Amino acid sequence: MENLIFFLIMEACAALFLYLGFLLWKKEKITILHNYHYTKVKEQDKKAYTRIMGLGMSVIGIGCAASGMIGTFTQWSKNGIPLGAGFVIGLCIMLYGQIKYNHGIF
């Protein structure tokens with residue numbers, strides 16, 4: 001029962017992150033980010049910026065989905081690996097986009 005609850009929570013989080021990643025990456029909805037995250041982004045760089053940020057969000061979502069699936073069939077100690085890896089890689093991608101296009105984190 002605990003595995004099912006964990007699976008549902010992780011898949012809901014994955015769906016949220018993947019949806020936000022889709023809105024950023026494909027629909028270029030920059031306004032879903034807080035405005036101080038893109039104040040210094042030039043108009044010609046907004047497409048590349050939303051692509052990078054959406055990719056980072058999607059990687060986090062994939063890590064959540066993988067963690068939910070692995071946690072359903074394995075022990076609790078192993079399901080944090082894909083979640084942690086997806087979060088760290090996605091965060092690094094997003095930080096790269098912030099520093100490159102916004103010229104700083106804030």
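The values are calculated or read from the model by the stated rules, or taken from the named source; none is laboratory data. Just so you know, these numbers come straight off a predicted model, no measurement behind them. Ideal geometry is used to build each Cβ from the backbone, glycine not excepted, and the neighbour counts take in all protein chains shown. What goes into the accessible areas is simple: the full protein's heavy atoms, side chains included, and nothing from ligands, DNA or RNA. Shrake-Rupley method; radii C 1.70, N 1.55, O 1.52, S 1.80 Å.
Annotations for the structure displayed:
- Extending 7 Å from Cα along the Cβ direction at I105 and again at K47 yields two label points whose distance is 3.1 nm.
- Per-residue ellipticity at 222 nm computed for the chain from its helices equals -25000 deg cm²/dmol, with DSSP H segments shorter than 4 residues left out and the rest contributing -39,500 (n - 2.57).
- For the chain, the longest principal axis of the C-alpha atoms and the axis of helix 46-73 are separated by about 0°.
- Rolling a 1.4 Å probe over the protein chains gives E28 an accessible area of about 80 Å².
- A 1.4 Å probe, protein heavy atoms only, puts the accessible area of I5 near 80 Å².
- In the full protein context, the chain carries 62 Å² of accessible surface per residue, based on a 1.4 Å probe and ignoring ligands, DNA and RNA.
- Per-residue Karplus couplings for region 12-25, computed as 6.51 cos²θ - 1.76 cosθ + 1.60 with θ equal to phi - 60°, are listed in order as 5, 5, 5, 4, 5, 5, 5, 5, 5, x, 5, 4, 6, 6 Hz, Gly and Pro entered as x.
- Percent breakdown of C-alpha pair distances by 5 Å bin, ordered from the shortest bin, for the chain: 2, 15, 21, 20, 14, 11, 8, 6, 2, 1, 0
- Probe 1.4 Å, all protein chains present, accessible-area order of F6, F106, F87, F73, largest first: F73, F106, F87, F6
- Region 1-71: relative contact order in percent, alpha carbon pairs under 8 Å with at least 6 residues between: 54 percent
- Between I32 and I9, the modelled label-to-label distance comes to 2.3 nm, taking each label 7 Å out from Cα in the direction of the beta carbon.
- Residue by residue, region 27-38 carries 3J(HN,Hα) couplings of 8, 6, 7, 5, 6, 6, 7, 5, 5, 6, 6, 10 Hz when phi is fed to the Karplus relation 6.51 cos²θ - 1.76 cosθ + 1.60 (θ = phi - 60°); x denotes Gly or Pro.
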